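Undergrad: The structure that follows is given in the form of structure tokens.
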Amino acid sequence: MKISRVSNINAHRDSWVEVNVDNVLNNIKALKSCIPEDMKFLAVVKADAYGHGAAMLAPTLLAGGVDMFGVASVDEALNLRENGIDAEILVLGAVPFWSLSLAIENDITITSFTQEHIEFCKKAYERTGVPIKTHIKIDTGMNRIGVSPKDAVSYIKQVQNCEFMDLRGIFSHLANAEDYEKTKKQLEIWENIISQIDTKGLLLHILNTAGIISSNVFKCTSNMVRGGIGLYGLYPDLIPNSQKVELKQAMSVKSRIIHIHEIEAGEGVSYGHTFVADKPTKIATVPLGYADGIPRSISNKFYGKLNGQKIKQVGNVAMDQMMFDITGIDAKTGDTITLLDESLPVDYWAEVMNTIHYEILCHLKARLARVYTR
């Protein structure tokens with residue numbers, strides 16, 4: 001299914017996500033300040049740019065100085081291509097063998113790490129006559145995907161000798177960038193492998209957002225970094241003594257009041273009456289719920305803003321609606337309630353829910369139109 005840069009989601013609702021592109025540009029600049037000027041920068045835009053809209057943000061990211069994009073699947077790469085993005089795109093995850101021809105036809109770079117990959121790349125080459133662009137993934141400790149360290153050198157040399165594979169880079173991923181000793185061990189494995197191969201003309205990348213910010217502590221052989229969560233203004237866990245960078249949350253979530261009414265003391269709100277008023281209370285309803293990605297588990301545990309004032313969400317978050325206590329605030333139907341912005345950080349929701357901010361951002365996709373502001 002082709003996804004247009006103009007959102008095909010029904011925008012005739014009074015709820016939406018705002019993405020501040022100036023904040024994204026700030027974050028690129030902040031992350032690039034941590035690395036040498038000549039180092040390449042890959043922007044990770046998988047999961048629709050962590051819910052921010054990959055096709056819409058890609059031109060901004062390129063204007064900010066990123067060199068290429070990283071996605072999770074061929075479908076995500078095709079979405080960028082179909083929206084006119086001609087920069088290099090690397091699929092960071094495993095690519096199904098049956099989609100290799102699609103990758104070749106659309107100039108998409110794949111990740112390789114098994115003998116099967118080599119065999120199927122050869123078959124794709126026999127069909128198309130075009131060597132497939134490839135980065136090799138080494139598993140230095142994530143234990144997710146990647147060629148094992150003991151086989152890495154021979155595998156890399158084998159691919160380098162394959163006429164049907166166009167080796168462009170080698171990479172790995174940090175599993176515990178917030179842990180100095182574990183990261184040091186991963187980097188030692190990386191350095192040992194890289195030292196045994198001819199790296200001329202290859203992109204070498206292992207540092208993610210946490211690695212970028214901690215690059216003053218972790219020294220390694222690389223000429224490209226991969227910025228992910230930091231591009232969108234959120235911090236990963238970091239080791240002590242990491243560089244100081246000012247990141248700005250790019251995403252806001254807003255909704256307009258569709259109904260205001262008052263309840264008496266003793267009356268409950270929403271399913272299960274998990275909130276019961278202890279005094280006369282003014283309730284505002286907005287058309288936003290868990291089908292839009294607002295976690296039901298955060299019911300009664302977070303605040304929004306209305307006319308510059310902090311307001312508490314009350315009652316269980318329903319599928320399509322939720323309520324706020326706006327007692328004492330002069331408000332009317334159509335006024336905007338802000339659920340998330342720089343002053344109402346995603347990190348707070350993550351802390352309350354005992355999860356990570358990555359998960360919350362990725363959930364805030366369903367049904368919500370994106371509005372891009374500066």
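Undergrad: Under unit Cβ charges (Lys, Arg +1; Asp, Glu -1), what dipole magnitude, rounded to 20 debye, does the chain have relative to its Cα centre?
TA: 180
Undergrad: Under a point-charge model restricted to the Cβ atoms of Lys and Arg (+1) and Asp and Glu (-1), what is the dipole moment magnitude of the stretch 88-167 relative to its Cα centre, in debye to the nearest 20?
TA: With Lys and Arg at +1 and Asp and Glu at -1, about 200 debye.
Undergrad: Right, here's the next one. Considering only 255, 213, 280, whose Cα is most displaced toward the positive end of the charge dipole of the stretch 195-282, charges sitting on Cβ of Lys, Arg (+1) and Asp, Glu (-1)?
TA: 213
Undergrad: Would you mind getting the accessible area per residue of the chain, heavy atoms of the protein chains only, 1.4 Å probe, in Å²?
TA: So the chain comes to 45 Å² accessible per residue, rounded to a whole number.
Undergrad: Just how large is the dipole of the stretch 205-270 about the Cα centre, in debye to the nearest 20, putting +1 at every Lys and Arg Cβ and -1 at every Asp and Glu Cβ?
TA: Here the size comes out at about 580 debye.
Undergrad: Quick one: with all protein chains in place, what share of the accessible area of the stretch 251-374 is carbon or sulfur, to the nearest percent (1.4 Å probe)?
TA: Exposed carbon and sulfur together represent 50 percent of the surface.
Undergrad: In deg cm²/dmol, rounded to 500, what helix-only [θ] at 222 nm does the chain give when every DSSP H run of at least 4 residues adds -39500 (n - 2.57) and the total is split over its residues?
TA: It lands at -8000 deg cm²/dmol.
Undergrad: Below 20 Å, Cα to Cα, which lysines can residue 150 reach? Residues fewer than 8 away in the same chain don't count.
TA: Hits, sequence-local ones excluded: 137, 182, 184, 185.
Undergrad: Let me ask something else. Shape call for the stretch 166-213 from the C-alpha gyration tensor, a ≥ b ≥ c root eigenvalues: rounded (a/c under 1.5), prolate (a/b greater than b/c) or oblate?
TA: Cα axes put the stretch 166-213 in the oblate bin.
Undergrad: Moving on. Name the aspartates and glutamates eligible as straight-distance cross-link partners of residue 282: C-alpha to C-alpha under 18 Å, and not fewer than 8 places from it in the same chain.
TA: Those aspartates and glutamates meeting the cut-off are 262, 264, 267, 325, 330, 335.
Undergrad: Quote the Stokes-Einstein diffusion coefficient, in whole µm² s⁻¹, for the chain, based on the Kirkwood radius over alpha carbon pairs, a temperature of 4 °C and a viscosity of 1.567 mPa s.
TA: This corresponds to a translational diffusion coefficient of 58 µm²/s.
Undergrad: Does anyone have the angle between helix 115-128 and the longest principal axis of the chain? Alpha-carbon axes, 0 to 90°, nearest 10?
TA: Approximately 80 degrees, to the nearest 10.
Undergrad: Scattering from the C-alpha atoms of the stretch 229-369 alone, worked out with Debye: what is log10 I(q)/I(0) at q = 0.13, 0.16 1/Å?
TA: -0.59, -0.84
Undergrad: If you rank 98, 16, 190 by how much accessible surface each has, with a 1.4 Å probe, what is the order from largest down?
TA: From most exposed to least exposed: 98, 16, 190.
Undergrad: Using a 10 angstrom cutoff on alpha carbons, build the Gaussian network for the chain and name the most mobile of 27, 216, 208.
TA: Maximum fluctuation in the GNM of the chain, among the listed residues, is at 216.
Undergrad: Could you please state, rounded to a whole Å, how far the C-alpha centre of the stretch 219-236 is from the C-alpha centre of the stretch 80-153?
TA: 22
Undergrad: Once Lys and Arg get +1 and Asp and Glu get -1 on their Cβ, which of 34, 339, 321 lies farthest toward the positive end of the dipole of the chain?
TA: 34
Undergrad: How would 353, 39 line up by accessible area, probe 1.4 Å, largest first?
TA: The most accessible residue leads, giving 353, 39.
Undergrad: Moving to a separate point now. Nearest 10 degrees is fine. How inclined is helix 149-160 to the longest principal axis of the chain, computing both from alpha carbons?
TA: Compared with the principal axis, the helix lies near 70 degrees.
The values are calculated or read from the model by the stated rules, or taken from the named source; none is laboratory data. None of these values were measured; they are calculated from a predicted model. Don't worry about glycine lacking a Cβ; one is built from the backbone with ideal geometry, like all the others, and counts go over all protein chains shown. When the accessible area is computed, the model is the full protein with side chains, heavy atoms only, and any ligands, DNA or RNA have been set aside. Shrake-Rupley method; radii C 1.70, N 1.55, O 1.52, S 1.80 Å.
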